[in-house]
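As structure tokens, the structure follows; a few thoughts come after it.
What follows is calculated from the coordinates using simple rules that are stated; it is not laboratory data. None of the values given here were measured: they were computed from a predicted structure. All Cβ positions, glycine included, derive from the backbone under ideal geometry; neighbour counts span all protein chains shown.
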Amino acid sequence: MSRFIKQAGLPSMLKDGASVQEEPLLKNIQACKELAQMTRSSFGPFGLNKMVINHIGKLFVTHDAAVILRELEVQHPAANLLVMASRAMEEEVGDGSNLTIMLAGELLQKAEHLRKMGLKPAEIAQGYAHALEKAEEILLTKKIGEVTDLRDQDAVVKALRSCLASKQYGYEDFLGGLIAAACINTCPKNTKNFNVDNVRVLKVKGGGIQDTQHIRGFCIARSTEGTIKHAKSAKVAVYNCGIDAGSTETKGNVLIETAEELINFSKGEEETLDRCVKAVADTGVKVVVSNANFSQLAQHFCQKYGLMMVKVQSKFEMKRLCGAVGAKQLVRFEPPSKEDCGYCDSVDQIEMGDTQVIVFRQDTDDSRISTIILRGATDQALDDIERAIDDGVSVVKTMTRDARFVPGAGAAELLLADALTTFGEAQPGLEQYSIQKFGQALEVVPRTLAENAGLDATTMIAEMYAAHKAGNTAVGIDIVDSGTADCGILDLLATKREAIKMATDAAVTVLRVDQIIMSKPAGGPKAPAQEGIDDD
């Protein structure tokens, strides 16, 4: 009877080993604050890198919050809500994951103060929701620019500077030019159909970041199968099969009694393959691509008829290559029709460091695929640059839907903070406290930019407020001259809006949790630890 009384309540309805936490709000807020504080030091151009070693021992050196949070495998349920919000931001816009985490953490920290003042979580969440609606309305009035022509390279580079400077400070103009050229090259007539997969990245270790280049076309890091390394104005045939003599579907035995019969048997196979390769060459094809092996006999006849041989093992690379040259994959080794052939202005094998690279280059400015060949000293540096380029391409994709911009360098957030604080003061009831705290939470962006740049955050924010009141609403943190100024930094309005929305939704979700119920983990007992082996 005593045992039954002890287990009475919610735990008695669950399996043995389940746990229930009552009133977990403050603990949840503390976990989210620690997560936000960890990524906060990586925010902005002067953000510091994190060295993350994941569960399989792979090393990551980056200040990209999306990668840091993905490899950390956060287990706390409340903190994991912020991680999911940052992933949603990465998938939706491609940038702003750190901004989302930082804002959500700051909103929860302000909610902790409101909770200690006596406000209920439901009242705080309702005030935050009201503040979010007003923030989106105010943000639309702060637009200071818009890119009307996505094929204007200078305008696109200027729009990408903010995104790239936060990840590769000092190279934002150089990388922005490469990304803009690659995106413009692959952008269709209807810009809304722009596909980020058409901009590829090839990492080649060696050299420096200044050796990075943009290629109109497709590149793959491998060498050709034969001695022919160059082809101009080439027709390209792509085969989804091995290049060899055809074999029968059933097996059979051949009885050979004399040497003459053996010679005639081999000669017949050679003649058959010779006719097949000659028929392919007679169609004007100069480059043969296969995702399987070229037999020794096939290589001999391809060399004889001057065909360049390229092996591409990845089916995804084959698909991109077909898109780059306009070819169709053939399932049998046979002469291609005119519609099945692709065309490339030049196919060359070049050497970069000790890596052989095959380049399918198109001379026109509207090729279907663009490739950015990255150069760097280490794998970690190459991965970090690749992530910056992926974010830049994603920003261009977002610009096809909404290309409006707001002042950057923390200016937009401070304008919102000022407007929301004034708006909150005029509201009746308890919501005014939540709205004011929401506005104060937005100050975390310029404050963090200043702190990471080694500046006095309080002084910088006061100077920005003074400049905004004087009418210069574009004044933000100037990390170059260690002060405040209008540096011409632009942030994408869609990124700001989505980040504030995602952060608010995550914070409100955490605030509305009043119990955490964890079932017993699945699986049996763990295996005993193995004793070490003595090498002696």
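Quick one: net charge of ASN190's neighbours, Cβ under 13 Å, K/R +1, D/E -1? Intermediate values should be presented prior to the final figure.
Working: positive: ARG151, LYS189, LYS192, ARG401; negative: none.
Surrounding charge for ASN190 is +4.
Would you list VAL83, VAL393 from fewest to most Cβ contacts within 10 Å?
Fewest-to-most ranking of VAL83, VAL393: VAL83, VAL393.
For the range 59-114, which GluC sites (Glu not before Pro) pass both filters: DSSP loop (anything but H, G, I, E, B) and at most 12 other C-beta atoms within 10 Å?
Listed in order of number, the matching sites are GLU73.
For LYS397, which aspartates and glutamates qualify as cross-link partners when the Cα separation must be under 14 Å and same-chain residues fewer than eight apart are set aside?
Output for LYS397: GLU90, GLU91, GLU92, ASP95, ASP149, ASP197.
Direction-averaged shadow area of the convex hull around the Cα atoms of the chain, nm²? Before the final figure, lay out each step's value.
Working: hull surface 159.5 nm².
Averaged projected area of the chain's Cα convex hull equals 39.9 nm².
Of all beta bridges DSSP finds with both residues in the chain, what is the antiparallel percent, to the nearest 5?
Percentage antiparallel, nearest 5: 65.
With an 8 Å Cα cut-off and a minimum separation of 6 or more residues, compute the relative contact order for the chain in percent.
Relative contact order for the chain comes out at 25 percent.
Could you derive backbone 3J(HN,Hα) for the range 402-416 from the dihedral phi with the Karplus parameters 6.51, -1.76 and 1.60 (θ = phi - 60°), listing whole Hz in sequence and x where the residue is Gly or Pro?
Rounded to whole hertz, the list is 8, 9, 8, 10, 10, x, x, 6, x, 5, 4, 5, 6, 4, 5.
Run the reach check for LYS229 against aspartates and glutamates, Cα to Cα strictly under 18 Å, same-chain hits fewer than 8 apart removed. What comes back?
ASP345, ASP348, GLU351, ASP354
Per residue of the range 208-213, what does 6.51 cos²θ - 1.76 cosθ + 1.60 with θ = phi - 60° give for ³J(HN,Hα)? Whole Hz please, x for Gly and Pro, Karplus curve as stated.
Result, rounded to whole Hz: x, 5, 5, 7, 5, 9.
Using only the alpha-carbon atoms, how far is helix 315-325 inclined from the longest principal axis of the chain? Give it as 0 to 90 degrees, nearest 10.
80
Can you tell me what share of the DSSP beta bridges in the range 221-354 is antiparallel? A percent to the nearest 5 is fine. Walk me through the intermediate numbers first.
On the way: 6 of 18 bridges.
DSSP beta bridges in the range 221-354 are roughly 35 percent antiparallel.
Based solely on C-alpha atoms, express the radius of gyration and the Dmax of the range 221-354 in angstrom.
Spelled out, the Cα radius of gyration and Dmax of the range 221-354 are 16.3, 54 Å.
Using only DSSP helix segments of four residues or longer, with each worth -39500 (n - 2.57), what per-residue ellipticity at 222 nm results for the chain after dividing by its residue count and rounding to 500?
Value at 222 nm, helices only: -15000 deg cm²/dmol.
In terms of the Cα gyration tensor, with a ≥ b ≥ c the square roots of its eigenvalues, is the range 138-194 rounded because a/c is under 1.5, prolate because a/b exceeds b/c, or oblate? Don't skip to the end; give the middle numbers.
On the way: a/c = 2.21, a/b = 1.02, b/c = 2.18.
Judged from the Cα gyration tensor, the range 138-194 comes out oblate (a/c at least 1.5, b/c at or above a/b).
For TYR169 and LYS143, what does the FRET efficiency come to when R0 = 30 Å and r is the distance between their Cβ atoms, rounded to the nearest 0.05?
The calculated FRET efficiency here is 0.70.
Roughly speaking, what is the stretch gain from ASP154 to LEU26, that is 0.36 nm per residue apart minus the C-alpha to C-alpha distance, in nm to one decimal? Show your work: numbers first, answer last.
Numbers: separation 128, 0.36 × 128 = 46.08 nm, distance 4.87 nm.
Length gained, ASP154 through LEU26: 41.2 nm.
Once both axes come from the Cα atoms, what is the angle between helix 97-117 and the longest principal axis of the chain, in degrees from 0 to 90, rounded to 10?
Here the helix axis deviates by roughly 20 degrees.
Full-extension gain between VAL196 and GLU260, please, as 0.36 nm times their residue separation minus the C-alpha to C-alpha distance.
The span from VAL196 to GLU260 would gain 17.0 nm if fully extended.
Step through the table entries LYS192/LYS501; LYS33/LYS203; LYS27/LYS58; LYS50/LYS143; LYS142/LYS437, compare each Cα-Cα distance with 29 Å, and write down the pairs that go over it.
Over 29 Å apart, Cα to Cα: LYS33/LYS203; LYS27/LYS58; LYS50/LYS143.
Could you tell me the distance between the Cα centroids of the range 369-398 and the range 418-435, to the nearest Å?
So the two Cα centres are separated by 43 Å.
Could you run the Karplus curve 6.51 cos²θ - 1.76 cosθ + 1.60 with θ = phi - 60° over the range 485-492 and give me ³J(HN,Hα) per residue in whole Hz, x for Gly and Pro?
Going residue by residue, I get 6, 8, 8, x, 7, 10, 10, 5 Hz, with x marking Gly and Pro.
Ranked from highest to lowest mean number of other Cβ atoms within 10 Å per residue, what is the order of the peptides 160-170, 405-415? Before the final figure, lay out each step's value.
On the way: 160-170: 21.8, 405-415: 26.9.
Going by the mean number of other Cβ atoms within 10 Å, highest first, we get 405-415, 160-170.
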